[in-house]
Structures are given as C-alpha cells and as structure tokens.
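J.: My questions will all concern the structure given below.
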C-alpha cells in the first residue's frame, strides 16, 4: 500500500516524473562526485567542518535548513530518477533512511547541548543538568517513559510491517546467486571492508579489534569530563576519534553499500542505471609487484619474505610510528605541527601509562590504516600491502 | 603475713555476646546461654556464690572470644582457698587459670549493663545479705585508671585509637587483644579437630566430585561436538561423468555443470580443466561474464580470468581446479580432489586433460 503510494509519487519504474537537461547535468555532477575516491574525502571534509563549526550549525535555524535541504534532495530525487527511487523504496533499505535521520538527530542533539554547555563552561557558569544529585525516581518517572516508548515502538513496527511487504526473494539457487548479493543493511559496512582486505583481516581481525576496542574503551578513557553532560570542548580528541570511526568508517560505508554498490559489486552513482554488463577495469596490483616489477623492473624474488619485504617493513613502520608518537620530537623536533601532535601524545602517555597508551595507539594505527588502504585501492588499484598466499596471510 | 588474694563479687555481661557457649562450658553454674543472648543465672548474682567460683569465672572471661564478660573483685586476706585444687579439679577447671591471671589484667571498664542492674538489685535484696565489701571503687583495680589516663594524655590529641591502644599495651597496662583473624583461626583449629575426615571419606568424596566435573564437561563437549557436525549428510557423489570430449568442441567456458559446482573450461592452450565455482574469498558463486572474459563474484567483486587466476577484488588466491580424468571415452570430474595454483599443483596429473 505505502510502497505503491511512493511509486505513484516518484513515477513508474524506468520513467522519472521530471526530466530536463538541467536535471540531467545535476545527476551527472552527483554521480561524478559519488565515486568513492571523491566522496569519502568529501564526507571526511564535511565531518571536520561539522566538528569545527558545531556551535554555528547546531543552532535551530541552520539545523532546520540542513534538515529541510537534505530531505528535499534525499526524497525529492525519487521524482527525477527511477533507479534511485527503486533503491530508496526497496523494503530492505527503509532502515537505512531511518538510520540516516536517526544519526542526524542524535548528532544534532549532542552538539546543540555541547554548544550550550561549552558556552557555560567558558563563562564560568554551572552546567545545566550536570548535578550528580539531580536524580529522579525509577518509578514512576522512568517506567512511564519506558511504557510510552514501548507503546510507540510497537505501533511503529506494526504499521511498518503492515504497510511494507517483507523483502522476500526467489528461492535460493546455488547456480544463480543474486547479483549483487548484499548483506543485511547493518553489515554493509563490514561487507565493504571485505572488498579491500583479506577475508581473515576484514572478517575476523578487524571486527575483533572493533569489539576489543569497544571493550577497552572504559579502561582506556578514564577521563571523568563529560560524564552526565554533553561537551565537545572538554573532549575533542575522544569525540573526534569515536565519531570518525562511527560516522565515516561505519555509517558512510553502509551508505556506500546501499546506494553505490551495484551488480558485480561495482560502484555506481546514485542516479546511474545498474548495468550488470558494464565493463570496469579493476585489475589489482600488489605492493610487491609495484616495487619489483615496475620500480626495479626485475623478476619477483622466489623467497616470499624477500618478495614482500617492502610491504612488511612499511606496515611495521606504520604501526611503530603510532606507538612511538610521544617520542617523535627527539627525531623531528623542528617540523612544525608534528611537535604539537607529539606533545599531545606525550600528555596522553603521561596520563595513561604505557600499557593503556600502547593499546590505544595500536587500535588507532589499525583504524587509520583502513581508509588509507581504501583510498590506495581506488587511486592505484593497490591490492595488498603484504601478499603471502603461501601462508594464507594478506594485509 | 599480709598475703591477699582476689575474689569475684560481681559478674556481668556487656553488649556484643555472640552466643558461643564458651562461658557456660567453663562455668555452667554462673552463666546460662539462651537463644540469642547470655545471662548470669539469678542464683549466681551474689558475692557469696561467685567468690568460690572465682577461678572458673576468670577462665570464662578469659575464654570469651569477644571479651564481654566483666567482673569486680575484692581483696581478701589469706591464701587462695582453691590453690592446689586445680590439678585435681573435679569440675574440669583448666590449668593456668586463677590467681596468675587475676592480677589486675582484666579491667572493669564500666558499670554493669543497665539491663541487668535491676536483676542484680533484686538478687542482692533477695539474698538479704549486704555485700561484705560494697566499695568496689576502692578495692577493684580501678585506681589504675589514673595512670591509664596519664598515658593517654601523654599522646597527641589527634592520635589514632590504635596508637592509644599500643601505648596502653606497651606500658603493660592492658594485654593486647588477639585479632579477629587469630580468633577465627583458633575456632577453625577447634573445628578441624572435632570434624576430622578420614582418608577413606576424603578419597570417596574427591572421586565423586571429580566424576561429577568430568561428566559435566564431557556432556558439554559432546553437545558442542554434536552441534558442529551437520545432522544430515546427504551429499551427491563427489564424482560424476561430464560427457565426452566431443561435447566440448571449441575453447570457452561450459556452464552446464554449474549446479554441481563445476565449470568445465576449454583453455586456448589446449587443456580441459574443471574449475570450482566457489569464490576463494568468502565462498560465494561468481558469474561468468562472457563479454569481459572473466568470472565476477557478486558479493565483493572478486574477478578471475578464464584460467581461474584472480586479478581484481579481494580474492586472495585463484579459483581451485578439480580432478578431471578420462574413463574410456567419458570425462569424469572428481570434486573431492582439488588442485591449488599457489601451491604449484596445477601441473600435476589429474589437474587437466590434454585435448
């Protein structure tokens, strides 16, 4: 019922409601900037702007304008492109829409409160609602809220399940898997990671490190500031790190998997037809191939460890660089900017002690390696830093 | 001769009794342990009664684990009437009790519990005899309070309580009270003596316990093992006939056996090979794209050349080749035997058929 209404609003499949040369050029621009090598840096820049100008955009009027503008493009695009409308109205993808708006509202709430509180902190006033003695009773205060939430959530689920048909597909056929074969929406970020890493890395080690990092968080981050009240000014490093991992490395990857990944797991723009027969040159090259075949113009060494030596050394240096940030100035004291990073790391090291700092630095190194490898794949079709199929080890 | 000894005129119990029965065991005629408290028997609430029982009362007070038994004494002229009886004591008075310990070691540090004051009063009036030595303030070791106060006063005002205690002990004024730990150990020792387990009992008990542990772990292990193994193992035979050589006339990919998980590939170099249809990345089933001349996986975009070599996407190694042999004029594919390129197995016999 609901989906047929949406269909009606967005035009029949294959034929958009509106089309004109201006709209086509708009679609071309969006499709171009949606290519991952542009869109991921673009999202990162937007992310940084969000953090820098959190006091400005979180005010009601700019936030409302952002909400209206985003909704207009997000839903209005259904009227100008039938492929996009198919993606958006697929019953599988309804949770993506809910997630996007939910994340946006949560971010807005947090930064709005943080802006208010940070202003109060700067002016030396007490922070509203931060009194630890400001307690309420479980019964009736909390239980009433929970009851209302329960009723509302049940009603929403009921209407959702009645209004939208279950996304059932044809019976499974081992000879003909769906193309593309997509994971459940909440695992699309994981599936996107699997494109760039060995299955052992992206399927076991990286998710394991996400879990271990989440477990370690309360032991690593013992700073009591921000407990019970929103703030950004007092916790810039912690909040930036967390939000980068969540927004850029999880939510954005889910958006990629939903809107941009088409047949044969190729990238398509959001307004592009999913052509299963399109030819995309994607030949991937290992770092060792670049090093030996292209740079030295020689044969690959037979010893696998000599062959992958450059990758092993570079990967080790990457991790080591993170682990040794506090001691950087001993070597590169003069380079401006780096001294600042190093000074901050030294402060952290002093507060946290060796073990906790090393755990943090190791997780940061792996977390930072992920987008780096993705960008290198897009720009240089790099396959693996370390390629050791003899031992089922690839990085 | 001026020899004197002390005799108990009044005994009382302060708050904190743990109802341990120790005092009644020592001196059953004086103490009575009730359900949740301990009292002095009314008949024992007269100096005449308590005086002859002085050694047992002192022992009871000494043996009380929480030190709540207190008493007052008077000095009586003459030698101890019970001296020498200790060894032959019919009442089981332990040695070491009596006069030695009564030498001012126990300080009455307060009046009797008000709860018992009334009872004491009635006991005295009922006895009808006035206390022969009714001035306990002169006869008890209470005068020693002055030095005690002096010792405490010598300490700084904010000295912690244990410092005061230490000072009192150091000056020989009070004996150090044994700690809770020692008392618990002492009780444990007594319990261990009374409830000794024989070797046979212990062995039986240990064997039973270990049998229980092993049975539990074994059941768990069996459950996990059973969970790991599929309950239904209906598999088609791993080898099948795939036609004759004449069915594959020209180079290309033959897809008719894809439901069995095999592509038969006639390579340009004149080899017929059986490629597994399982992607080496995470086990999806790729599609053969004839225009691109490649196998392409729909799950994560891995791509393979017609030979099975991986060249794009995340697949870490080439597609596996399956055993292919000739049985007369029939081509037989055996899926149970795989040949992996990265292990150098593609040149082995059985990995290909020469056409």
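J.: The conditions are (1) modelled with pLDDT under 90; (2) under 22 Å from residue A:229 (Cβ atoms); (3) assigned by TED's automatic domain parsing to the domain that holds residue A:71, and residue A:122 fails exactly one of them. Which is it?
T.: All conditions are met except number (1).
J.: Okay, next question. For residue A:97, are the conditions met, namely being within 25 Å of residue A:269 (Cα to Cα), in a helix (DSSP H, G or I) and at pLDDT 90 or above?
T.: yes
J.: Further, regarding this structure: Could you list all residues from the range B:329-345 that are in a loop (DSSP other than H, G, I, E, B) and either within 54 Å of the chain's Cα centre (by Cα) or more than 14 Å from chain A (Cβ to nearest Cβ) (or both)?
T.: Scanning the range B:329-345 gives B:329, B:340.
J.: Given the conditions (1) more than 13 Å from chain B (Cβ to nearest Cβ); (2) more than 30 Å from the chain's Cα centre (by Cα); (3) in a loop (DSSP other than H, G, I, E, B), which single one is not true for residue A:165?
T.: (2)
Let's see how each residue does on (1) loosely packed, with under 13 Cβ neighbours inside 10 Å; (2) under 23 Å from residue A:236 (Cβ atoms):
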residue	(1), (2)
A:296	yes, no
A:302	yes, no
A:307	no, no
A:324	no, yes
A:336	yes, yes
A:340	yes, yes
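J.: Anything in the range A:343-395 that is out of contact with any strand residue (DSSP E or B) (no Cβ under 7 Å at 6 or more places or on another chain), under 21 Å from residue A:249 (Cβ atoms) and free of Cβ contacts under 8 Å to residues at least 12 places away in the same chain? List them, or say none.
T.: A:372
J.: Any chance you could count how many residues in the range A:177-197 are closer than 25 Å to residue A:89 by Cβ and more than 8 Å from every other protein chain (Cβ to nearest Cβ)?
T.: Of the residues in that region, 10 qualify.
J.: Moving on to the next point. Do you know which of the residues in the range B:255-296 that are within 12 Å of another protein chain (Cβ to nearest Cβ) and part of a strand (DSSP E or B) is nearest to residue A:374 (Cα to Cα)?
T.: It comes out as B:296.
J.: Another question, then. Go through the range A:244-286 and give me each residue that's closer than 26 Å to residue A:363 by Cα, within 14 Å of chain B (Cβ to nearest Cβ) and modelled with pLDDT of 90 or more.
T.: Those that are closer than 26 Å to residue A:363 by Cα, within 14 Å of chain B (Cβ to nearest Cβ) and modelled with pLDDT of 90 or more: A:253, A:256, A:257.
J.: Counting only residues that are within 12 Å of another protein chain (Cβ to nearest Cβ), within 13 Å of residue A:197 (Cβ to Cβ) and buried (at least 20 other Cβ atoms within 10 Å of the Cβ), how many does the range A:383-394 have?
T.: 5
J.: Here's a follow-up. Checking residue B:326 against (1) assigned to a strand (DSSP E or B); (2) within 14 Å of another protein chain (Cβ to nearest Cβ); (3) surrounded by fewer than 17 Cβ atoms within 10 Å (Cβ to Cβ): exactly one of these is not met. Which one?
T.: (2)
J.: Now for a different question. Checking residue B:319 against (1) within 14 Å of another protein chain (Cβ to nearest Cβ); (2) surrounded by fewer than 22 Cβ atoms within 10 Å (Cβ to Cβ); (3) modelled with pLDDT of 90 or more: exactly one of these is not met. Which one?
T.: Just one mismatch for residue B:319, condition (2).
J.: For the range A:328-355, which residues satisfy the criterion of being in contact with a helix residue (DSSP H, G or I) (Cβ under 8 Å, 6 or more places away or on another chain) and modelled with pLDDT of 80 or more?
T.: Within the range A:328-355, A:341, A:342, A:343, A:344, A:345, A:346, A:348, A:349, A:352 meet the criteria.
J.: Continuing with this model, one more query. Based on what the data block shows, is residue A:110 more than 20 Å from the chain's Cα centre (by Cα) and assigned to a helix (DSSP H, G or I)?
T.: Taking the combined requirement at face value, the residue does not satisfy it.
J.: Also, quick follow-up: Does residue A:305 satisfy the criteria of being part of a helix (DSSP H, G or I) and touching a helix residue (DSSP H, G or I) at 6+ places or on another chain (Cβ under 8 Å)?
T.: yes
J.: So in the range B:302-314, with the set limited to residues that are in a loop (DSSP other than H, G, I, E, B) and within 9 Å of another protein chain (Cβ to nearest Cβ), which one is nearest to residue A:176 (Cα to Cα)?
T.: B:302
J.: I'm told residue B:250 meets every condition in (1) under 22 Å from residue A:176 (Cα atoms); (2) more than 14 Å from every other protein chain (Cβ to nearest Cβ) except one. Can you identify the failing condition by its number?
T.: Exception for residue B:250: condition (1).
J.: Within the range A:362-382, is there a residue that is touching a helix residue (DSSP H, G or I) at 6+ places or on another chain (Cβ under 6 Å) and not in a helix (DSSP H, G or I)?
T.: Yes, some residue in the range A:362-382 is touching a helix residue (DSSP H, G or I) at 6+ places or on another chain (Cβ under 6 Å) and not in a helix (DSSP H, G or I).
J.: Given the structure, is residue B:299 free of Cβ contacts under 8 Å to residues at least 40 places away in the same chain, closer than 20 Å to residue A:199 by Cβ, outside any strand (DSSP E or B) and within 14 Å of chain A (Cβ to nearest Cβ)?
T.: Yes.
J.: Given the structure, is residue A:226 more than 14 Å from every other protein chain (Cβ to nearest Cβ), at positive phi and either crowded, with 16+ Cβ neighbours inside 10 Å or in contact with a strand residue (DSSP E or B) (Cβ under 7 Å, 6 or more places away or on another chain) (or both)?
T.: Taking the combined requirement at face value, the residue satisfies it.
The values are calculated or read from the model by the stated rules, or taken from the named source; none is laboratory data. Keep in mind that this is a model prediction, so the values were computed, not measured. FYI the Cβ positions are ideal-geometry reconstructions off the backbone, even for glycines, and counts take in every protein chain you see.
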